[in-house]
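Okay, so here's the structure we're looking at.
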Amino acid sequence: MLYIKELFIMVLLSVVIGGSLVDVVFDYREGAGLAHLAVEISLIVASLILIAVLSMGIWRESRSNRQMKAELASLSASRSPPQSPGLMAARHDFAKVLQAQLEEWGLTQTEKEVSLLLLKGLSFKEIAAVRNTLEKTVRQQASSIYKKAGVSGRHAFSAWFIEDIL
């Protein structure tokens with residue numbers, strides 16, 4: 001949901017439109033040539049088109065993020081509990097081991113949340129959408145997690161937890 005650059009550009013384009021409209025009015029009153037007025041009106045139209053394109057991009061990205069969140073929530077909600085008590089106990093024990101290891105590595109709460117989403121297989125883009133943050137931020141958090149865990153990347157991070165199980 002963070003579209004700071006796009007919104008900033010839209011504000012700048014709005015300022016350009018406002019200034020150009022004022023300039024067109026004054027130029028028209030002073031009897032400026034049609035070619036000059038056409039150039040300024042073209043600038044206004046181009047700015048309006050760019051604002052529309054940016055708005056549509058934000059809308060599409062927001063819709064995609066909402067769909068991703070809904071799919072993730074649906075998958076979490078529809079996951080049927082395991083029937084086997086042994087499997088339930090193993091999952092519970094694994095969750096304890098996982099949390100203890102994340103604590104031992106000294107991860108922050110945010111890094112722990114990102115770690116769990118990485119282990120669930122979400123992409124950086126999906127994690128950013130779920131957490132309402134920038135993909136770049138998630139990449140930086142992942143790098144910090146890998147460094148603290150002493151692994152080279154995402155696959156090594158996941159393998160660290162399941163290597164001995166298999």
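The values are calculated or read from the model by the stated rules, or taken from the named source; none is laboratory data. Predicted model, so just to flag it, every value in this text is computed and none were measured. FYI the Cβ positions are ideal-geometry reconstructions off the backbone, even for glycines, and counts take in every protein chain you see. To get the accessible areas, we keep the full protein, side chains included, count just its heavy atoms, and leave off ligands, DNA and RNA. Shrake-Rupley method; radii C 1.70, N 1.55, O 1.52, S 1.80 Å.
Looking at (1) part of a loop (DSSP other than H, G, I, E, B); (2) within 28 Å of K5 (Cβ to Cβ), which one does V114 not meet, given that it meets all the others?
Of the numbered conditions (1) part of a loop (DSSP other than H, G, I, E, B); (2) within 28 Å of K5 (Cβ to Cβ), the odd one out for V114 is (1).
Are any residues in segment 57-70 under 14 Å from L7 (Cα atoms) and without any contact (Cβ under 8 Å) to a residue 60 or more places away in the chain, and if so, which ones?
Hits for segment 57-70 are G57, I58, W59, E61.
Can you tell which of L54, L50 is closer than 22 Å to I4 by Cα, touching a Leu at 6+ places or on another chain (Cβ under 7 Å), modelled with pLDDT of 90 or more and not in a loop (DSSP other than H, G, I, E, B)?
Being closer than 22 Å to I4 by Cα, touching a Leu at 6+ places or on another chain (Cβ under 7 Å), modelled with pLDDT of 90 or more and not in a loop (DSSP other than H, G, I, E, B) holds for just one of L54, L50, which is L50.
I need a count of the residues in segment 30-51 that are closer than 29 Å to F124 by Cβ and exposed (fewer than 13 other Cβ atoms within 10 Å of the Cβ).
Qualifying residue count for the region: 0.
Taking R91 and the conditions (1) closer than 24 Å to Y3 by Cα; (2) among the charged types (D, E, K, R); (3) surrounded by fewer than 16 Cβ atoms within 10 Å (Cβ to Cβ), which numbered condition does it fall short on, given that it satisfies the others?
(1)
Taking segment 117-161, which residues are of a type in the set (K, R), open to solvent by 70 Å² or more (accessible area, probe 1.4 Å), without any contact (Cβ under 8 Å) to a residue 40 or more places away in the chain and not in a loop (DSSP other than H, G, I, E, B)?
Result: K125, K136, R139, K147.
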